[in-house]
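The values are calculated or read from the model by the stated rules, or taken from the named source; none is laboratory data. No experiment lies behind these values; they were computed from the predicted model shown. Quick reminder, even Gly has a Cβ in these numbers, built from the backbone with ideal geometry, and neighbours come from all protein chains shown. Remember, those area values only see protein heavy atoms, side chains included, never the ligands or the DNA or RNA. Shrake-Rupley method; radii C 1.70, N 1.55, O 1.52, S 1.80 Å.
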Amino acid sequence: MRICLEPFGWRPGAAAALPSSADCLNIFWIRSGCGQLDLTTRVEDVRAHQLIFLNSPGALSVRDEIQGVRVQVDWECVPDLSGGGVPKSFRQFLKWLCGNTLSIHFPKGRHAEVEWLLDRVMREDRSRPELFWTSVRLMLDEFLLLCYRQWAYKESETEKVYTSVESVVHTLRDYIDAHYREKIGLKRLSDRSGYAPSYLSSTFHKVTGQCVVEYITHKRMEHAKHLLATSGLKVVEVCLASGFNDLAHFNRMFRRIVGVTPSEFRHGPSMHQSPSVLELPPRQTAARPEPVKTGLRQFYVPVTTGRTWETTIAC
């Protein structure tokens, strides 16, 4: 049995290939950002707090920087629920995962449960393989049950209402993309859309995973980074050209978001080497240790590699 977790990220404008595998369940958890997924037979929107169960290769066009985690699980880890006592709809859901690409969106509040389960798997003690795998199997069952509940919830009236206002948010986001260098705020967007500021703010966060101010700041920072990397403008000129009116505020926000000052970013050694696509990191395979026999089974000590880890067990 094998389970592997890999963080991934793609920059705006990138065209990333999402691989699939017939011998394992491929799950992509989108933490932030948005784009479009081309599955040959159909095109789906990708947004923050979305789980994608991928059973065929897809091409992802990134609109806003996407960050997330890829989870690979061997099919033998997926519970066999063919027996009685299990709701028919749950069995159909698991059967659907085996042969179709499925996307499930988790609204505000529900996505925290996904993060909690992924974090538990990452922090689980792997020094005792037999206990580790018992715990992971239980958490995987809980994870699939959580996905099933949200999949069934998609058909409710609440989801239909959510879908109807999503188009409004996308229209406003297009407007922000074109006018983020101007003096723009929630009041201006509220007047343009006809929605109350509080409702617009909560809806915008639900669809994009960011509040309005965060989204505007993100767009301005991306433009500022582009100017710093490609032009000879002074920092104060970059500040004004990106929609900021105060240099001190610009420097403070730039350092908080990017991690360095604008001047350090401009003269940094990796400035001209920044890739347009951050590919999934290759999985490193360590030498397998000698098995330790325990009863009728033999266990292998899990392998940990930085933030990306893979663990294997042979029965």
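Give segment 1-17 a look and list any residue that's among the hydrophobic types (A, V, I, L, M, F, W, C), open to solvent by less than 10 Å² (accessible area, probe 1.4 Å), within 22 Å of His111 (Cβ to Cβ) and out of contact with any Lys or Arg (no Cβ under 8 Å at 6 or more places or on another chain), or say none.
Trp10, Ala16
Would a scan of segment 164-173 turn up a residue that is in a helix (DSSP H, G or I), out of contact with any Asp or Glu (no Cβ under 8 Å at 6 or more places or on another chain) and under 22 Å from Arg255 (Cα atoms)?
Checked against the condition, which is being in a helix (DSSP H, G or I), out of contact with any Asp or Glu (no Cβ under 8 Å at 6 or more places or on another chain) and under 22 Å from Arg255 (Cα atoms), segment 164-173 yields no hits at all.
With the condition kept exactly as written, say whether any residue in segment 80-101 is modelled with pLDDT of 85 or more, out of contact with any Gly (no Cβ under 7 Å at 6 or more places or on another chain), open to solvent by 10 Å² or more (accessible area, probe 1.4 Å) and of a type in the set (A, V, I, L, M, F, W, C).
Checked segment 80-101: no residue is modelled with pLDDT of 85 or more, out of contact with any Gly (no Cβ under 7 Å at 6 or more places or on another chain), open to solvent by 10 Å² or more (accessible area, probe 1.4 Å) and of a type in the set (A, V, I, L, M, F, W, C).
Restricting the search to segment 102-118, which residues are assigned to a loop (DSSP other than H, G, I, E, B) and either crowded, with 16+ Cβ neighbours inside 10 Å or among the polar types (S, T, N, Q) (or both)?
Result: Phe106, single match.
Looking only at segment 119-133, count every residue that is within 27 Å of Ile30 (Cα to Cα) and open to solvent by 20 Å² or more (accessible area, probe 1.4 Å) and tell me the total.
Here the count works out to 7.
For segment 17-66, which residues satisfy the criterion of being basic (Lys, Arg) and within 18 Å of Val207 (Cβ to Cβ)?
Listed by number, the residues that qualify are Arg31, Arg47, Arg63.
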